1. Which pairs do you get when a residue that is closer than 11 Å to Ile126 by Cα, found in segment 220-234, comes within reach of a residue that is modelled with pLDDT of 90 or more and of a type in the set (Ser, Thr, Tyr), reach meaning Cβ atoms under 8 angstrom, with the pair 6+ apart or on two chains?
2. Output yes when any residue across segment 281-291 is within 16 Å of ligand 2 (Cβ to nearest atom) and part of a strand (DSSP E or B), and no when none is.
3. Which pairs do you get when a residue that is under 25 Å from Asp82 (Cβ atoms) and more than 13 Å from ligand 1 (Cβ to nearest atom), found in segment 255-276, comes within reach of a residue that is at pLDDT below 95 and not in a strand (DSSP E or B), reach meaning Cβ atoms under 7 angstrom, with the pair 6+ apart or on two chains?
4. Among the candidates Thr284, Thr291, Thr250, single out the residue that is β-branched (Val, Ile, Thr) and either more than 14 Å from ligand 1 (Cβ to nearest atom) or under 11 Å from the mean Cα position of the chain (by Cα) (or both).
5. Among the residues of segment 321-347, which ones are surrounded by 14 or more Cβ atoms within 10 Å (Cβ to Cβ) and under 20 Å from the mean Cα position of the chain (by Cα)?
6. Yes or no: segment 303-319 includes at least one residue that is buried (at least 22 other Cβ atoms within 10 Å of the Cβ), assigned to a loop (DSSP other than H, G, I, E, B), touching a residue at least 40 places away in the same chain (Cβ under 8 Å) and within 16 Å of ligand 2 (Cβ to nearest atom).
7. Identify the residue in segment 54-64 that is touching a Pro at 6+ places or on another chain (Cβ under 9 Å) and open to solvent by 10 Å² or more (accessible area, probe 1.4 Å) and, among all such residues, is farthest from Ile39 (Cα to Cα).
8. Residues in segment 147-162 that are over 20 Å from the mean Cα position of the chain (by Cα) and either outside any loop (DSSP other than H, G, I, E, B) or surrounded by 17 or more Cβ atoms within 10 Å (Cβ to Cβ) (or both): how many?
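The values are calculated or read from the model by the stated rules, or taken from the named source; none is laboratory data. This is a predicted model, so every value here is computed, not measured. Here the Cβ positions follow ideal geometry from the backbone for every residue, glycine too, while neighbour counts run over all protein chains shown. Keep in mind that these areas ignore ligands, DNA and RNA; they rest on the heavy atoms of the full protein, side chains included. Shrake-Rupley method; radii C 1.70, N 1.55, O 1.52, S 1.80 Å.
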Amino acid sequence: MATTMTTEEREARNPTYLASRLQSGQTIDGQNLAFEIPIIDLAPSFESLAGRQQVAAKIRAACLSSGFFYITSHGINQAACDGILEQGARLFKRISAEAKQKIHIQHSPHGYGWESSDSTSIAGDIETKEAFNWSYSSDLDPTGGDGQYVQLDGSHANNLNQWPTDLPTFYDGVRNYYGQALQLARHLCRLFALSLHLPEDYFDAMTTHPSANARIMYYPPSKGVANDVSVGLGAHTDYQCFTILLCSSTPGLEILSPAGQWVGAPTVKGGLVVNIADMMMRWTNASYKSTIHWVVNRSEGERYSVPLFFGVNNEQVVDTLPSCILEDNPSKYAPIKAGEYVLQRLATTRTY
Ligand SMILES: O=C(O)CCC(=O)C(=O)O
Ligand SMILES: [Fe+2]
């Protein structure tokens, strides 16, 4: 499908645009909104529609301001959270360099597998992170999927992931956390739909075989040099609808406030971070904020994290939601296939 880029989209693809947003500390539409990262208890949302509506209102308020919130009582059990972080530590710290090379992302056309710190770079920064990347596949989905999964480029292929053969428990540890996180993401979609005054099942049929790439990240300790600001992961916005982030206890995530200050997002015990990403900003005509963040590990501890980048089925056309278009606020974005949009964004980050 032919798509026309708006001025805003052209600017957003330009690294100097990011840099200028960083310097000026402005949000895209120049508003100076109150900035907080609220903690939202999801428990009522598992009980009744009234509970979901109540939680959805809190989510809406967070999305209109910082675009970040914590969730507690989210339904993913602690053993699964601890388990995947432990598997990450084994992968990054215990297996040999040769074993990592065997599953290097260079062997994967889609970038799945182990990623050395210099394989990708967001804003041209030298980054300290290492990562392990995987994508949705039906064997990881507790629903079993519907057999229709397509990759970002629309090709039909299930399970192209590269798993480490030297760590037999790794796959099970990942699957246990990821399966629960997928179901949580689908539950959050219902809350987002309610928050946007849509029927709560609005996104259900669009998330049967979702775009749901995930990674385990490793950030080495700070070098202990005063004022050391070694960038773990460069300043960026996420591409999908929203991200669910599990973090180890070592801090490092920082979010750019409208006033141009980096605000730390410390780990909340038992909680997960959720942030709005660019695709949700498109759906909502830029009312829900996709906020710039980065990771700088300023501490002497290692940081591990597990982001899940959740979006609709890759072949789904993303078009501004009718409830977000007003006569004096027409759609800012042209319709585009979800996978195609993410591919455009990814093309700017690979260095290999
Ligand atoms: O590791 C973190 O805390 C955040 C990671 C992140 O922002 C990302 O992978 O997009
Ligand atoms: Fe991110």
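1. Gly232/Tyr219; Leu233/Tyr219
2. The answer is no; no qualifying residue exists.
3. none
4. Unique residue meeting the criteria: Thr284.
5. Ile336, Lys337, Ala338, Gly339, Glu340, Tyr341, Val342, Leu343, Gln344, Arg345, Leu346
6. No, segment 303-319 contains no residue that is buried (at least 22 other Cβ atoms within 10 Å of the Cβ), assigned to a loop (DSSP other than H, G, I, E, B), touching a residue at least 40 places away in the same chain (Cβ under 8 Å) and within 16 Å of ligand 2 (Cβ to nearest atom).
7. Within segment 54-64, the match that is farthest from Ile39 (Cα to Cα) is Gln54.
8. 3
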